[in-house]
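Since the structure comes first, as structure tokens, the remarks are kept for the end.
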Amino acid sequence: MLGNLEFGKSTITNKILNKKVRKEGEVSKKSGVGKQTTTDVTLYEIDEKTYLLDTPGFQTLDISDILSRDLGRYFREIKTYVRFCKYPGCSHIKEENCGVRKALKNGKISEQRYYNYIRLYSELRDGEKNRW
Ligand SMILES: [Zn+2]
């Protein structure tokens, strides 16, 4: 998607922003050793079925390029509470002692954001099943 080279990155982003899409999540990654370069990855919801990942300095990715197990990294609040999960690789859906679900219960994560996460997660899972 959006493979036309004549469209610059900012043009694409502006087009999206003009559509008043909601920002679903952001990830800040530190890249490089000793350098404080921060890369913001932003997940945009274009419509109910279309999500777009914006990775400045890199390519624009389709949501299906995300692995379901990595999805939590794109939701800032989920990422914050992942460290309280008992199991590594926790999907935050039905695991015991899940830090994310605890945070949801305590009102630290909004239900809407959590449901967006679950919806995307199951879509990605379905896609992965078809792929393998
Ligand atoms: Zn969890």
- Note on the structure: Charge tally for neighbours of PHE84 with beta carbon under 13 Å away, counting Lys, Arg as +1 and Asp, Glu as -1, is +4
- Rough spin-label spacing in nm, given labels placed 7 Å along Cα→Cβ, for ASP65 and ARG119: 2.3
- Would you mind computing, in nm to one decimal, how far apart the modelled labels at ARG83 and SER110 are, each placed 7 Å from Cα along Cα→Cβ? 2.5
- Task: Filter the GluC sites (Glu not before Pro) in segment 61-112 down to the DSSP loop ones having no more than 10 other Cβ atoms within 10 Å, then list what survives.
- Result: GLU96
- Message: Largest first, please: the extent of the C-alpha atoms of segment 66-132 along each principal axis, to the nearest Å.
- Response: 36, 24, 18
- Query: Tell me, what % of the accessible area of segment 66-132 is carbon and sulfur with a 1.4 angstrom probe?
  - Reply: 50
- Task: Could you order LYS129, LYS79 so the one with the most accessible surface comes first? Probe is 1.4 Å.
- Result: LYS129, LYS79
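The values are calculated or read from the model by the stated rules, or taken from the named source; none is laboratory data. Note that the structure is predicted; figures quoted are calculated from it, not measured. All Cβ positions, even for glycine, are placed from backbone atoms using ideal geometry, and neighbour counts span all protein chains on display. Accessible surface areas use protein heavy atoms only, side chains included; no ligands, DNA or RNA. Shrake-Rupley method; radii C 1.70, N 1.55, O 1.52, S 1.80 Å.
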